[in-house]
Amino acid sequence: MLKKILSFLIPQTISKNHSPFNGDIFVRRFLGRMYIEVEGLMQSGRIIESLYINGFKKFEISNKKAVKRVLILGVGGGTVVQLISKKFPQANITGIDIDPVIVEVGKEYFNLGTVKNLQLIIGDVLDDSINLGKNFDLVIVDLFKGYKIPKDLGKEKILRKIRSTLAKDGLVIFNRLYFQTYKIEADLFLDNVQQIFQDVKVYRNYFNLLIRAR
(Lines give C-alpha, C1' and ligand atoms only; values in the text may rest on other atoms or scores of the structure.)
Protein backbone atom coordinates (compact mmCIF):
# COMPACT_ATOMS: atom_id res chain seq x y z
CA MET A 1 0.00 0.00 0.00
CA LEU A 2 2.84 2.40 0.88
CA LYS A 3 4.44 1.87 -2.55
CA LYS A 4 1.14 2.67 -4.27
CA ILE A 5 0.85 5.91 -2.29
CA LEU A 6 4.48 6.85 -2.98
CA SER A 7 3.99 6.11 -6.70
CA PHE A 8 1.84 9.22 -6.94
CA LEU A 9 4.89 11.25 -5.85
CA ILE A 10 7.91 9.50 -7.37
CA PRO A 11 8.28 6.43 -9.63
CA GLN A 12 8.52 3.18 -7.67
CA THR A 13 10.40 0.11 -8.94
CA ILE A 14 8.16 -2.96 -8.86
CA SER A 15 10.57 -5.44 -10.44
CA LYS A 16 13.88 -5.69 -12.28
CA ASN A 17 14.65 -8.40 -14.82
CA HIS A 18 17.74 -8.89 -16.96
CA SER A 19 17.64 -9.88 -20.61
CA PRO A 20 20.58 -10.67 -22.94
CA PHE A 21 18.81 -8.58 -25.56
CA ASN A 22 17.35 -5.58 -23.69
CA GLY A 23 19.62 -5.53 -20.66
CA ASP A 24 17.87 -4.43 -17.45
CA ILE A 25 14.09 -4.31 -17.76
CA PHE A 26 12.37 -2.32 -15.01
CA VAL A 27 8.69 -2.38 -14.13
CA ARG A 28 7.84 0.89 -12.43
CA ARG A 29 4.68 2.46 -11.03
CA PHE A 30 4.01 6.20 -11.25
CA LEU A 31 0.76 8.12 -10.76
CA GLY A 32 -0.94 4.81 -10.02
CA ARG A 33 0.00 3.22 -13.37
CA MET A 34 2.69 0.69 -14.21
CA TYR A 35 5.05 0.83 -17.17
CA ILE A 36 8.20 -0.83 -18.51
CA GLU A 37 11.45 1.10 -18.73
CA VAL A 38 14.55 0.02 -20.67
CA GLU A 39 17.71 2.17 -20.73
CA GLY A 40 15.69 5.05 -19.28
CA LEU A 41 13.03 4.93 -22.01
CA MET A 42 9.39 4.12 -21.25
CA GLN A 43 8.41 1.22 -23.52
CA SER A 44 4.90 0.53 -22.35
CA GLY A 45 2.21 2.28 -20.36
CA ARG A 46 -0.03 5.33 -20.59
CA ILE A 47 2.22 7.50 -22.79
CA ILE A 48 2.57 4.78 -25.44
CA GLU A 49 -1.15 4.07 -25.27
CA SER A 50 -1.97 7.76 -25.76
CA LEU A 51 0.43 7.98 -28.73
CA TYR A 52 -1.37 5.22 -30.61
CA ILE A 53 -4.88 6.36 -29.66
CA ASN A 54 -4.15 9.81 -31.10
CA GLY A 55 -2.41 8.27 -34.10
CA PHE A 56 -5.42 6.08 -34.88
CA LYS A 57 -7.64 9.18 -34.78
CA LYS A 58 -5.27 11.10 -37.05
CA PHE A 59 -5.15 8.23 -39.54
CA GLU A 60 -8.91 7.59 -39.24
CA ILE A 61 -8.49 3.95 -38.26
CA SER A 62 -11.86 3.23 -36.74
CA ASN A 63 -13.68 0.66 -38.88
CA LYS A 64 -13.79 -2.41 -36.63
CA LYS A 65 -15.22 -4.66 -39.33
CA ALA A 66 -12.31 -3.88 -41.67
CA VAL A 67 -9.62 -4.91 -39.16
CA LYS A 68 -9.75 -8.68 -38.79
CA ARG A 69 -6.07 -9.62 -38.78
CA VAL A 70 -3.32 -7.63 -37.02
CA LEU A 71 0.44 -8.15 -36.93
CA ILE A 72 2.50 -6.47 -34.20
CA LEU A 73 6.27 -6.46 -34.66
CA GLY A 74 7.77 -5.63 -31.27
CA VAL A 75 5.39 -6.76 -28.52
CA GLY A 76 7.31 -5.55 -25.48
CA GLY A 77 5.08 -5.44 -22.43
CA GLY A 78 1.97 -5.58 -24.58
CA THR A 79 0.53 -2.04 -24.41
CA VAL A 80 -0.20 -1.99 -28.15
CA VAL A 81 -1.57 -5.53 -28.02
CA GLN A 82 -4.00 -4.54 -25.26
CA LEU A 83 -5.05 -1.42 -27.15
CA ILE A 84 -5.68 -3.34 -30.39
CA SER A 85 -7.63 -6.00 -28.51
CA LYS A 86 -9.94 -3.36 -27.02
CA LYS A 87 -10.33 -1.34 -30.21
CA PHE A 88 -10.79 -4.34 -32.51
CA PRO A 89 -12.09 -7.15 -30.24
CA GLN A 90 -12.93 -9.40 -33.20
CA ALA A 91 -9.40 -9.25 -34.65
CA ASN A 92 -6.89 -12.09 -34.57
CA ILE A 93 -3.53 -10.72 -33.42
CA THR A 94 -0.07 -12.10 -34.15
CA GLY A 95 2.68 -10.59 -32.02
CA ILE A 96 6.39 -11.17 -32.67
CA ASP A 97 9.22 -10.15 -30.34
CA ILE A 98 12.88 -11.12 -30.16
CA ASP A 99 13.02 -11.00 -26.34
CA PRO A 100 11.25 -13.74 -24.34
CA VAL A 101 12.09 -12.00 -21.05
CA ILE A 102 10.18 -8.79 -21.81
CA VAL A 103 7.24 -10.85 -23.10
CA GLU A 104 7.15 -12.76 -19.79
CA VAL A 105 7.23 -9.44 -17.93
CA GLY A 106 4.23 -8.38 -20.01
CA LYS A 107 2.40 -11.55 -19.04
CA GLU A 108 3.20 -11.18 -15.34
CA TYR A 109 2.47 -7.48 -14.86
CA PHE A 110 0.37 -6.33 -17.82
CA ASN A 111 -2.03 -9.24 -18.45
CA LEU A 112 -0.50 -9.95 -21.85
CA GLY A 113 -1.22 -13.66 -21.47
CA THR A 114 -4.96 -13.07 -21.03
CA VAL A 115 -5.52 -11.34 -24.40
CA LYS A 116 -7.93 -13.36 -26.52
CA ASN A 117 -7.15 -14.28 -30.12
CA LEU A 118 -3.44 -13.57 -29.59
CA GLN A 119 -0.61 -15.68 -31.01
CA LEU A 120 2.81 -14.83 -29.57
CA ILE A 121 5.98 -15.73 -31.47
CA ILE A 122 9.54 -15.28 -30.20
CA GLY A 123 11.87 -14.43 -33.06
CA ASP A 124 13.83 -11.75 -34.90
CA VAL A 125 11.52 -10.08 -37.43
CA LEU A 126 14.55 -8.89 -39.39
CA ASP A 127 15.84 -12.44 -39.89
CA ASP A 128 15.30 -13.75 -43.42
CA SER A 129 14.26 -17.14 -42.07
CA ILE A 130 11.20 -15.89 -40.14
CA ASN A 131 7.86 -15.93 -41.93
CA LEU A 132 5.80 -12.88 -40.94
CA GLY A 133 2.63 -14.11 -42.62
CA LYS A 134 0.28 -12.54 -45.15
CA ASN A 135 -3.02 -10.68 -45.56
CA PHE A 136 -2.93 -8.49 -42.45
CA ASP A 137 -5.30 -5.54 -42.31
CA LEU A 138 -3.07 -3.68 -39.87
CA VAL A 139 0.64 -4.04 -39.10
CA ILE A 140 2.28 -2.20 -36.19
CA VAL A 141 6.09 -1.90 -36.24
CA ASP A 142 7.33 -0.90 -32.78
CA LEU A 143 10.90 -2.21 -32.62
CA PHE A 144 12.92 -0.68 -29.80
CA LYS A 145 15.91 -1.69 -27.71
CA GLY A 146 15.94 1.18 -25.26
CA TYR A 147 16.48 4.23 -27.45
CA LYS A 148 17.87 2.17 -30.32
CA ILE A 149 15.92 1.06 -33.39
CA PRO A 150 17.48 -1.56 -35.69
CA LYS A 151 19.18 0.17 -38.61
CA ASP A 152 18.27 -2.70 -40.91
CA LEU A 153 14.60 -1.80 -40.50
CA GLY A 154 15.11 0.97 -43.07
CA LYS A 155 16.58 -1.32 -45.71
CA GLU A 156 14.61 -1.80 -48.90
CA LYS A 157 14.32 -5.58 -48.55
CA ILE A 158 12.95 -5.31 -44.99
CA LEU A 159 10.40 -2.64 -45.92
CA ARG A 160 9.31 -4.72 -48.91
CA LYS A 161 9.02 -7.77 -46.66
CA ILE A 162 6.76 -5.82 -44.30
CA ARG A 163 4.72 -4.47 -47.22
CA SER A 164 4.21 -8.03 -48.47
CA THR A 165 2.37 -8.91 -45.25
CA LEU A 166 -0.47 -6.46 -45.99
CA ALA A 167 -3.90 -7.37 -47.28
CA LYS A 168 -5.22 -5.49 -50.31
CA ASP A 169 -6.40 -2.49 -48.29
CA GLY A 170 -4.09 -3.05 -45.34
CA LEU A 171 -1.80 -0.48 -43.77
CA VAL A 172 1.30 -0.40 -41.61
CA ILE A 173 2.23 2.01 -38.80
CA PHE A 174 5.88 2.55 -37.88
CA ASN A 175 6.78 4.13 -34.53
CA ARG A 176 9.95 6.24 -34.37
CA LEU A 177 11.52 8.51 -31.77
CA TYR A 178 11.38 12.15 -32.87
CA PHE A 179 13.52 14.47 -30.75
CA GLN A 180 17.10 15.75 -30.82
CA THR A 181 19.31 13.61 -33.09
CA TYR A 182 16.55 11.01 -33.47
CA LYS A 183 14.72 13.43 -35.76
CA ILE A 184 17.41 12.98 -38.41
CA GLU A 185 17.16 9.18 -38.19
CA ALA A 186 13.35 9.31 -38.36
CA ASP A 187 13.35 11.65 -41.37
CA LEU A 188 15.79 9.40 -43.23
CA PHE A 189 13.62 6.40 -42.41
CA LEU A 190 10.54 8.29 -43.65
CA ASP A 191 12.32 8.92 -46.95
CA ASN A 192 12.96 5.18 -47.30
CA VAL A 193 9.33 4.36 -46.54
CA GLN A 194 8.15 6.81 -49.18
CA GLN A 195 10.29 4.99 -51.75
CA ILE A 196 8.48 1.69 -51.07
CA PHE A 197 4.92 2.71 -50.20
CA GLN A 198 2.65 4.87 -52.38
CA ASP A 199 0.44 6.43 -49.69
CA VAL A 200 2.28 7.75 -46.61
CA LYS A 201 1.03 10.00 -43.80
CA VAL A 202 2.59 11.04 -40.49
CA TYR A 203 1.50 11.96 -36.98
CA ARG A 204 3.92 13.79 -34.70
CA ASN A 205 3.77 14.40 -30.99
CA TYR A 206 6.49 15.79 -28.74
CA PHE A 207 8.72 12.71 -28.74
CA ASN A 208 7.50 10.28 -31.41
CA LEU A 209 6.69 10.08 -35.08
CA LEU A 210 4.08 7.61 -36.32
CA ILE A 211 4.31 6.82 -40.03
CA ARG A 212 1.23 5.34 -41.69
CA ALA A 213 1.89 3.65 -45.03
CA ARG A 214 -0.10 1.57 -47.49
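The values are calculated or read from the model by the stated rules, or taken from the named source; none is laboratory data. These numbers come from a predicted model, not from an experiment. Positions of Cβ are backbone-derived with ideal geometry, glycine not excepted, and every protein chain shown enters the neighbour counts. Protein only, heavy atoms only, side chains kept; ligands, DNA and RNA dropped before computing areas. Shrake-Rupley method; radii C 1.70, N 1.55, O 1.52, S 1.80 Å.
Results, tabulated for the structure shown:
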item: Set Lys157, Lys201, Lys161: member being closer than 17 Å to Asn54 by Cβ, open to solvent by 30 Å² or more (accessible area, probe 1.4 Å), at pLDDT 95 or above and not in a loop (DSSP other than H, G, I, E, B); result: Lys201
item: Selection within the range 79-108 - open to solvent by 60 Å² or more (accessible area, probe 1.4 Å) and closer than 20 Å to Arg28 by Cβ; result: Glu104, Lys107, Glu108
item: Complete set of residues in the range 144-154 that are within 20 Å of Gly133 (Cβ to Cβ), open to solvent by 20 Å² or more (accessible area, probe 1.4 Å) and within 16 Å of the chain's Cα centre (by Cα); result: Pro150
item: Residues (open to solvent by 50 Å² or more (accessible area, probe 1.4 Å), in contact with a helix residue (DSSP H, G or I) (Cβ under 8 Å, 6 or more places away or on another chain) and touching a residue at least 24 places away in the same chain (Cβ under 8 Å)) located in the range 50-62; result: Ile53
item: Index of the failed condition, Leu190 passing every other in (1) in a strand (DSSP E or B); (2) touching a Lys or Arg at 6+ places or on another chain (Cβ under 9 Å); (3) crowded, with 16+ Cβ neighbours inside 10 Å; result: (1)
item: The range 18-48, subset among the acidic types (Asp, Glu) and within 17 Å of the chain's Cα centre (by Cα), residue surrounded by the fewest Cβ atoms within 10 Å (Cβ to Cβ); result: Glu39
item: Positions within the range 178-214 being in contact with a helix residue (DSSP H, G or I) (Cβ under 6 Å, 6 or more places away or on another chain) and small (Gly, Ala, Ser), in sequence order; result: Ala213
item: For Gly133: the one exception among (1) on the phi < 0 side of the Ramachandran plot; (2) touching a strand residue (DSSP E or B) at 6+ places or on another chain (Cβ under 9 Å); (3) in contact (Cβ under 8 Å) with a residue 12 or more places away in the chain; result: (1)
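Yes/no per residue for (1) in contact (Cβ under 8 Å) with a residue 40 or more places away in the chain; (2) on the phi < 0 side of the Ramachandran plot; (3) crowded, with 20+ Cβ neighbours inside 10 Å; (4) assigned to a loop (DSSP other than H, G, I, E, B):
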position: Asp128; (1), (2), (3), (4): no, yes, no, yes
position: Val139; (1), (2), (3), (4): yes, yes, yes, no
position: Lys168; (1), (2), (3), (4): no, yes, no, no
position: Arg176; (1), (2), (3), (4): no, yes, yes, no
